[in-house]
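See below for the structure under consideration.
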Amino acid sequence: MIMPNRSRGLRAGAVMAALAAALAMTVPLPAVAADSIRVATPYKATTLDPMRSASSGNLEIYGQLYARLLHRDPQTGELGPGLAERWDISPDGKIYTFHLRDATFSDGSPLTADDVAFSLERVRSDKESAYPAPLGAVESIRAADPKTVVVTLKSSFAPFLGNIEIWNMGVVSKGDVEKRGAEKAFAEAPLASGPYMAKEWKANERLVLAPNPHYWREGYPKSDAAVEFIEVASPETRVAMLKAGEADVVRGVQWTQIADLKATEGVDMRLEPSTTIYMVLLNSKREPFSNLQARQAAAHAVDNKAVTQAITQGFATAANTTLPGAIDFHDDEYPGIAHDPVKAKELLQASGMEGREVKILATSGAAEQQLALILQAQWQAVGLKPVITNVDTGAWGDATGKGDYDATATWWYNETSDPDLAVRWAVCGSCGSNSYNTFYANEKVDQLVEQGTTESDPAKRAEIYKQIQRITTEEVAQIPLYYAPNAVAYSTRLSGLKLTPALQWTFEDATLNP
């Protein structure tokens, strides 16, 4: 992820960069693999501690280093056994008992229920935890015996199993963290429980992973190749590396590069499913957008189908609700807010906000800059006075968090296919996110959010989330723009590799073609 998103609480900074250098200099390296899978990515690795960051360059790596209780099938999306070979749920839906398989860390030491309980508790309650929200329903976590973990919830919570499979739920070694301390344990050859272990880390340059010989899935990774994440800021350079055979995978392919890569021999250019949504945040805490009619006017003024075509060259899908199109219970039938400049002008006049200045924050990203200019033109045409203020990502996060802005175009994605985390993040006024810093609040929506977590009937849950989408779209909690796929280019010498909607790689399933 880039900064204007869900990167809550990244605290790695210079300390972790220094520790990365220490890893590269002081750790005895395993033998170099015969070949490697090289990923050219714009996203930086800043910490190998799965609790401490939610930024894209880190969370994509956590899934390689740390195994989780459950394992999501990358083909079907179904949840199945992971470190837990089976689990039981109490009749009232409040107690989950996980029975662990025999598994070890990358040094061969046993992985026990104490490690699992310790890892989950760090995410839930440690002050350094970047994203504790998925465990917000948990009352307690305990190791009943070396092979049994018991998680007790405050009340029944339908999304729980999906939540404990996301990127920050990986199991780390309790003994190692307590012995070396969290800083050293995740820099000086961190003990891995996943398919790969850290081999070499050069901050701001590359991270190299080697197959974990003690991984619980027998026969995995399928290839003995190392995996290299090479940090390359320039999208043109990343594509040039792929074409020259210096990279096997390119993350962050630009919309303007897709057609060329689709026509390039030896390249498999894919638009993979994602839960990413681009939208416009409107500050409901101050005028003009504290006024409902003014928000509705702003929404009707935006032609999101034309925006989608202009920004993504038609490779994304125009959004129709405030929630990502790929999540469960998305309301595909809802028509969305129509582009209607005449109605926008009427609503704006009725609101009394005609001629008001609108401060549009914009970061340096190409899409963000384009979107700011489009919003400026379309809002000016209906009677607002939009002014673009360019800021860096740090200032953007500070301003939006404080409500010191009127509008900004950005994006976010949902970690699971279940909509619970999405609604809590984007449209819930009482869930701790201030409805993604829009300060939108509707008591009925907040009640529906809670109902959605306790309802076990899928049909009834679908109706709940349909109501949430329709209310928040009509009240313009945000202005939906488009649903963006993950644009990733692969060398055809690879088989079995993909990036899942949860931003997790399937390197353990990947092989190199002869």
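The values are calculated or read from the model by the stated rules, or taken from the named source; none is laboratory data. Just so we're clear, the structure is a prediction, and the values are computed from it rather than from any experiment. Cβ atoms come from the backbone with ideal geometry, glycine included; neighbour counts cover every protein chain shown. Surface areas here come from the heavy atoms of the whole protein model, side chains and all, with no ligands, DNA or RNA. Shrake-Rupley method; radii C 1.70, N 1.55, O 1.52, S 1.80 Å.
Can you send over the carbon and sulfur percentage of the accessible area for the range 375-514, probe radius 1.4 Å, protein chains only?
49
Note the full-extension length gain between residue 125 and residue 237 as 0.36 nm times their separation in residues minus their Cα-Cα distance, in nm to one decimal.
The span from residue 125 to residue 237 would gain 36.2 nm if fully extended.
First select every other residue whose beta carbon is under 15 angstrom from the beta carbon of residue 148; then total the charges, Lys and Arg +1, Asp and Glu -1.
Neighbourhood net charge equals -2.
Rounding to the nearest 10 and keeping the result within 0 to 90°, find how far the Cα-based axis of helix 292-301 lies from the longest principal axis of the chain.
Rounded to the nearest ten degrees, it is 80.
Taking every DSSP beta bridge that has both residues in the chain, what percent is antiparallel when rounded to the nearest 5?
Antiparallel bridges make up about 80 percent of those DSSP assigns within the chain.
Roughly what would the spin-label model give for residue 262 and residue 385, points 7 Å off Cα along C-beta, in nm?
Each label point is offset 7 Å from its Cα along the Cβ direction, giving 4.4 nm.
Report, to the nearest 10°, how far helix 13-26 tilts away from the longest principal axis of the Cα atoms in the chain, using its own Cα long axis and a range of 0 to 90°.
The angle comes out near 30 degrees.
With each run of n ≥ 4 DSSP H residues scored as -39500 (n - 2.57), what mean residue ellipticity at 222 nm is computed for the chain after dividing by its residue count and rounding to the nearest 500 deg cm²/dmol?
For the chain, the value works out to -9000 deg cm²/dmol.
Stick to the Cα atoms of the chain, pair each with every other, and give me the Kirkwood hydrodynamic radius in Å at one decimal.
That comes to 23.8 Å for the chain.
As an exercise, use a Förster radius of 35 Å and the Cβ-Cβ distance of residue 313 and residue 493 to find the FRET efficiency, rounded to the nearest 0.05.
Calculated value: 0.80.
In percent, what relative contact order does the chain have, based on Cα pairs under 8 Å that are 6 or more apart in sequence?
About 19 percent, as a whole number.
Once the dipole of the chain is set up with Lys and Arg at +1 and Asp and Glu at -1 on Cβ about the Cα centre, which of 389, 159, 327 lies farthest towards its positive end?
The one lying farthest along the dipole's positive direction is 389.
For the chain, what does the accessible surface come to per residue with a 1.4 Å probe? Please give it in Å².
Result: 38 Å² of accessible area for each residue.
Treat every Asp and Glu Cβ in the range 425-514 as -1 and every Lys and Arg Cβ as +1, leave all other atoms uncharged, and give the resulting dipole magnitude about the Cα centre to the nearest 20 debye.
Computed charge dipole of the range 425-514: roughly 340 debye.
Out of the range 183-212, which GluC sites (Glu not before Pro) are coil in DSSP terms and have no more than 16 other C-beta atoms within 10 Å?
Listed in order of number, the matching sites are 188, 205.
Sort 261-270, 60-69 for me by packing, meaning the mean count of neighbouring Cβ atoms within 10 Å per residue, highest on top.
Those peptides, ordered most packed to least, come out 60-69, 261-270.
Give, rounded to the nearest 20 debye, the magnitude of the charge dipole that the chain has about its Cα centre when Lys and Arg contribute +1 at Cβ and Asp and Glu contribute -1 at Cβ.
That gives a dipole near 680 debye.
With unit charges on the beta carbons (Lys and Arg positive, Asp and Glu negative) and the dipole taken about the Cα centre of the chain, which residue among 449, 427, 301 sits farthest to the positive side?
Positive-most Cα among the choices belongs to 301.
Round to the nearest 0.05 the FRET efficiency obtained for residue 205 and residue 471 when R0 = 56 Å and r is the Cβ-Cβ distance.
Efficiency, rounded to the nearest 0.05: 0.75.
Find how many whole Å separate the alpha carbon centroid of the range 413-492 from the alpha carbon centroid of the range 356-405.
Measuring centre to centre over Cα atoms gives 23 Å.
So, R0 is 41 Å and r is the distance between the beta-carbons of residue 333 and residue 179; what FRET efficiency does that work out to, to 0.05?
So the FRET efficiency works out to roughly 0.15.
Under the rule of at least 5 residues apart or a separate chain, name every residue whose amide H is placed under 5 Å from the amide H of residue 268.
490, 491, 492
If packing is taken as the mean number of other Cβ atoms within 10 Å per residue, what is the order of 462-473, 103-114, highest first?
Most protected by this proxy first, the peptides run 462-473, 103-114.
Report, in degrees rounded to the nearest 10, the 0 to 90 angle that the Cα long axis of helix 56-65 makes with the longest principal axis of the chain.
The two axes meet at around 30 degrees.
Along the charge dipole of the chain, which of 500, 55, 144 sits closest to the positive end, that is, farthest toward it, with unit charges on the beta carbon of Lys, Arg, Asp and Glu (+1, +1, -1, -1)?
The one lying farthest along the dipole's positive direction is 55.
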